[in-house]
Amino acid sequence: MTTELPLTLPDDDTTSPGPLSSLTAAEIEAVARILRSAGAVTDTTRFVYVGLLEPDKADVLAALAGDAPTPDREARILLLDVATGESLDAAVSLTRDEVIALMPIDGSRGQVPILEEEFEAIGGILAADAGWLAALEKRGLVSEQVVYAPLSPGSYDIPGEEGRRIIRVFAFRMDHAEDHPWAHPVDGLCAYVDVIAREVTQVVDAFELPVPEEPGNFHLESERPAPLDTLKPISITQPEGPSFAVDGDTVTWANWTFSLGFDAREGLILRNLGFADPDQGGEVRPVVYRASIAEMVVPYADPSPTRYWQNYFDTGEYLFGRFANSLTLGCDCLGEIRYFDAVLSDEFGRPKTIENAICMHEEDYGTLWKHTDLFTSANEVRRSRRLVISFFTTVGNYDYGFYWYLYLDGTIECEAKLTGILFTSSYVEGSATASEVAPGLGAPYHQHLFSARLDMMVDGLANAVEEVDAVRLPVSESNPYGNAFTKRATRILSEADGAREADASVGRTWHIVNTEKSNRLGRPTGYVLHAEQNPTLMADPSATVTARAAFTTKQLWVTQYASDERYPAGEFVNQNPGGDGLPAYMAADRPLDGEDIVLWHTFGPTHFPRPEDWPVMPVDYAKFTLKPYGFFGRNPALNVPAEAPAHCAPGHHGHGEAHAGHGGHGDHAHGDHAHHAHHG
């Protein structure tokens, strides 16, 4: 049995938004009204982005502690005039009902993200261009046979593009109304389009390759094998209801408490994660102030004349939160579900609701702790479970799920799930930068590199990071048998040393410690970041994408907190030449020892596509883990009660280990899951 508990985030009618709550529909309407009254909006103005302008952390914490008034509710707005290309970075005080900032954006340092309206205009622009139509005709195609993939252009100093708002476009043949065009790329051909002037600036007709013929219509029953008929139903039930409680945008579950929000740019945001310490009388101790996926980039490896520019910043260029899926009960989520709607702005400043954008539920997760003792005959076991908070977004051909997991032992995980359809090309035999995934169909090598912004608050604001490596000890007088090894901890003192690389050979981890508080053993309380040991950006250091996506060149960046440092690749990523974001933030070399710090963690797979990834890709995984390390004085999950005997009895299939395993969250499933998480 599965049940649905829908909830708008936040509920406009019954809940007054807190200082960090996502904008309500009424507030979005007020934003548009205030800007129009100020003369900042005309008939050709589009609202590219509308979101909460978050107050400074110190102001929020002072207000929550009752030491200061609640900060004003403010909104940030990016505006684009689609007639002139001029754009504005605006701020509105919803508390005072007034515009508080209205600044022109210097397009030479990047442009506002791409509008859906601009994507939709591409077909008409190309259909009117003689050069483009001639290139199609040369290939035996007409405009009505193809559909278009409009894409962000990067920044390449191409003559004639200075100051223009550019989109680059590939064509795909679509054979009928239900045909997936990704199976039929028209390779060797690309158009560059100025979306403000509504004209093609260049047709790059580099070479002709056969259009792959085999369809990839996995959604059609006629093109799938016979259904697998041996799978039996799985029913996830919680007869007494879920264990979590929701009050507005605040959630309590087990020992955890946190708030959640949603943003058009970053998607799901978790705030004020704290853990009620059972050995400290239930005192809620802070761990993370704010966590989100602040950026991601997908750089491709094809160096051909029509594809060398392919690298997409799905957060900063496309605002991937606005493409969040409305999740479906029993398909995207399973169990006792609490859904949250996301309220965003459309491109005319009107509120729009994505129903069921966020899914929250509990999952059984196998054994939490267990021991059968030789001496006392004690036989104790506890089952683990986790709270799952997730959303899925579809950006063109790819679908991304972002899942945050909270565990009973204080562990936090973030897992990206990657699925959808490969971005395809025509395969050239012997290619060094693409796989053949179907006859004549190529899939260029690429990476998916995510940046998690982790605004840490481990037991308070005075935090530091130590890089911890495993160290072999040589044979010596104190180690005569050569079996000893130890660890080496290196404190990161300032931002000059704040960009760090993972190293699997020494099991490198990063410990976030409180410099003012100790556990009962007299050691600093802390959490440890466990990173996957995957490659960073594979592009050459001199490549344009390397300058634009500098955050991908290291697995970890540590900065001192600043309220205006929000995005690792900078504020305006679209057509940005590079140098903004983390390199600029860290140039001041601020101290990091005992400071309010932010971790920016790069993670994600390097993808050499397989035939098995076509025509739709089985989910691939990438994740990181934050585990308590000395944060507690002992195992914080000792308060988890034993299961009722009937639930664990042999042969009882409702709640036993066999059921958990078949459900995908038992011990065996967990082992499988961990293995797949390392596949690139």
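The values are calculated or read from the model by the stated rules, or taken from the named source; none is laboratory data. Note that the structure is a prediction, hence the values are computed from the model and not measured. Reconstructed Cβ throughout: ideal geometry from the backbone, glycine too, with neighbour counts over all protein chains shown. The accessibility values were calculated without ligands, DNA or RNA, using every heavy atom of the protein model including side chains. Shrake-Rupley method; radii C 1.70, N 1.55, O 1.52, S 1.80 Å.
Numerical summary
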| item | result |
| --- | --- |
| So Arg491, is it at pLDDT 95 or above, under 26 Å from Ala588 (Cβ atoms) and under 25 Å from the mean Cα position of the chain (by Cα) | no |
| Verdict on Asn255 being touching a Gly at 6+ places or on another chain (Cβ under 8 Å) and either within 30 Å of Ala294 (Cβ to Cβ) or surrounded by fewer than 20 Cβ atoms within 10 Å (Cβ to Cβ) (or both) | yes |
| Residues (open to solvent by 30 Å² or more (accessible area, probe 1.4 Å) and part of a helix (DSSP H, G or I)) located in region 133-144 | Leu133, Ala134, Glu137, Lys138, Glu144 |
| Enumeration of residues in region 452-461 that are buried (at least 18 other Cβ atoms within 10 Å of the Cβ) and in a loop (DSSP other than H, G, I, E, B) | Met457, Val458, Asp459, Leu461 |
| Selection count where residues are touching a Pro at 6+ places or on another chain (Cβ under 7 Å) and modelled with pLDDT under 95, scope region 308-341 | 1 |
| Some residue of region 58-68 being of a type outside the set (Asp, Glu), assigned to a loop (DSSP other than H, G, I, E, B) and crowded, with 17+ Cβ neighbours inside 10 Å | no |
| The listed residue being among the β-branched types (Val, Ile, Thr), open to solvent by less than 60 Å² (accessible area, probe 1.4 Å) and under 14 Å from Ala135 (Cβ atoms), out of Val211, Val147 | Val211 |
| Exclusive hit being part of a strand (DSSP E or B) and open to solvent by 40 Å² or more (accessible area, probe 1.4 Å), set Pro618, Pro583 | Pro618 |
| Qualifying residue in region 559-568 (condition: out of contact with any Ser or Thr (no Cβ under 6 Å at 6 or more places or on another chain) and in a helix (DSSP H, G or I)) | no |
| Enumeration of residues in region 499-554 that are under 16 Å from Gln447 (Cα atoms), among the aliphatic types (A, V, I, L, M), surrounded by fewer than 18 Cβ atoms within 10 Å (Cβ to Cβ) and in contact (Cβ under 8 Å) with a residue 60 or more places away in the chain | Met538 |
| Residue identified as loosely packed, with under 14 Cβ neighbours inside 10 Å, under 29 Å from the mean Cα position of the chain (by Cα) and at pLDDT 95 or above among Glu98, Glu120 | Glu120 |
| Residue list for region 408-424, restricted to those being in contact with a Leu (Cβ under 8 Å, 6 or more places away or on another chain) and assigned to a strand (DSSP E or B) | Ile412, Glu413 |
| Filter result for Pro159 (surrounded by 15 or more Cβ atoms within 10 Å (Cβ to Cβ) and either modelled with pLDDT under 95 or not in a strand (DSSP E or B) (or both)) | no |
| Of all residues making up region 354-373, the number that are open to solvent by 50 Å² or more (accessible area, probe 1.4 Å) and farther than 30 Å from Arg76 by Cα | 6 |
| Test result for Ala587, under 30 Å from Ile166 (Cβ atoms) and over 23 Å from the mean Cα position of the chain (by Cα) | yes |
| Unique match (being under 30 Å from Trp614 (Cβ atoms) and open to solvent by 10 Å² or more (accessible area, probe 1.4 Å)) among Thr376, Thr419 | Thr419 |
| Checking Pro239 against (1) of a type outside the set (Val, Ile, Thr); (2) in a loop (DSSP other than H, G, I, E, B); (3) closer than 22 Å to Val616 by Cβ, the condition it does not meet | (3) |
| Region 326-353, subset out of contact with any strand residue (DSSP E or B) (no Cβ under 8 Å at 6 or more places or on another chain) and either free of Cβ contacts under 8 Å to residues at least 40 places away in the same chain or small (Gly, Ala, Ser) (or both), residue least open to solvent (accessible area, probe 1.4 Å) | Gly330 |
| Val195 being open to solvent by less than 40 Å² (accessible area, probe 1.4 Å), touching a residue at least 12 places away in the same chain (Cβ under 8 Å) and touching a Cys at 6+ places or on another chain (Cβ under 8 Å) | no |
| Selected residue (only one of Pro104, Pro185, Pro113 is open to solvent by less than 30 Å² (accessible area, probe 1.4 Å), in contact with an Asp or Glu (Cβ under 9 Å, 6 or more places away or on another chain) and not basic (Lys, Arg)) | Pro113 |
| Selection within region 463-490 - in a loop (DSSP other than H, G, I, E, B), open to solvent by 10 Å² or more (accessible area, probe 1.4 Å) and of a type outside the set (D, E, K, R) | Leu473, Pro474, Val475, Ser476, Ser478, Pro480, Tyr481, Gly482, Asn483, Ala484 |
| Leading residue by the ranking (modelled with the lowest pLDDT) among those in region 586-615 that are open to solvent by 60 Å² or more (accessible area, probe 1.4 Å) and farther than 30 Å from Asp279 by Cα | Ala588 |
| Test: residue in region 420-441 that is at positive phi and under 23 Å from the mean Cα position of the chain (by Cα) | yes |
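Conditions (1) in contact (Cβ under 8 Å) with a residue 12 or more places away in the chain; (2) crowded, with 20+ Cβ neighbours inside 10 Å, marked per residue:
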position	(1), (2)
Ala264	yes, yes
Pro278	yes, no
Gly281	no, no
Val297	yes, yes
Pro303	yes, no
Gly321	yes, yes
